[in-house]
1. Radius of gyration and Dmax for the range 1-59's Cα atoms, expressed in Å?
2. Ranked highest first by the average count of other Cβ atoms within 10 Å around their residues, in what order do 63-70, 19-26 fall?
3. Given the peptides 29-38, 74-83, arrange them by the average over their residues of other C-beta atoms within 10 Å, most packed first.
4. Tell me which DSSP H helices of the chain clear both cut-offs, 15 Å or more of axial length from alpha-carbon atoms and a mean Kyte-Doolittle hydropathy of at least 0.0.
5. Looking only at Cβ-Cβ distances, which cysteines of the chain have no other cysteine closer than 4.7 Å?
6. Kirkwood hydrodynamic radius for the chain: how many Å is it when counted over pairs of different Cα atoms?
7. Return the FRET efficiency for the residue pair K136, S81: r is the Cβ-Cβ distance, R0 is 25 Å, and the value is rounded to the nearest 0.05.
8. If you add up the charges near C36, with Lys and Arg at +1 and Asp and Glu at -1, over every other residue whose beta carbon is less than 12 angstrom from its beta carbon, what do you get?
Amino acid sequence: MENKCKCIQDTLLDIHYKEAQWTERVSIHIAKCQECKGYWQRLGEMNEVMLAFDNNLIETDKGIIDQAFIDAEAIEKGKHSRMEFVMFMLIALVIIGFIGWLITIGYGSIILLQQVFLMMLIPFSLPIIIRQKLLKEGV
Ligand SMILES: [Zn+2]
């Protein structure tokens, strides 16, 4: 786009919003330049669409607006879940590192014994976990 075209299109935009007057220079340029002529026509078409909205001839599609909000919430949730995942990884690394450190200073056999003991308790805790889950859901 020529610099003159940019200048004319700025003037056309001002004319469109009634901030400038139509001049001979604009008329001469539009008669010669297809790009600026198209720009002026598109401004006119846009005006028609905006008028249709103002007169409620075009109904606003609330489904599109609702979908945009749903998409925005999903993106926001995605950010949260990524942060939660990073936090989970950091906490898990700290715990694993702490256990690793305990093993290196000589508590390996005690930790192994505790793990075996906990594994044997899990089947007994399962009914309690299920009962709490059912109470929470209100069944
Ligand atoms: Zn032009």
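Computed from the coordinates by the stated procedures, all read-outs in this text should not be read as laboratory data. Given the structure is predicted, the values throughout are model-derived calculations rather than measurements. Here the Cβ positions follow ideal geometry from the backbone for every residue, glycine too, while neighbour counts run over all protein chains shown.
1. So, for the range 1-59, Rg and Dmax equal 13.1, 40 Å respectively.
2. Answer by packing, highest mean first, reads 19-26, 63-70.
3. Working: 29-38: 14.3, 74-83: 9.8.
Per-residue mean Cβ counts within 10 Å order the peptides as 29-38, 74-83.
4. On the way: long enough: 3-16 (20 Å, -0.29); 34-54 (30 Å, -0.63); 62-102 (59 Å, 0.88); 108-137 (40 Å, 1.19).
Flagged H segments are 62-102, 108-137.
5. C5, C7 - these cysteines have no disulfide-compatible partner (Cβ-Cβ under 4.7 Å) in the chain.
6. On the way: mean 1/r = 0.0428 Å⁻¹.
Averaging 1/r across every pair of different Cα atoms and inverting gives 23.4 Å.
7. Once the sixth-power term is evaluated, E becomes 0.70.
8. In short, +3.
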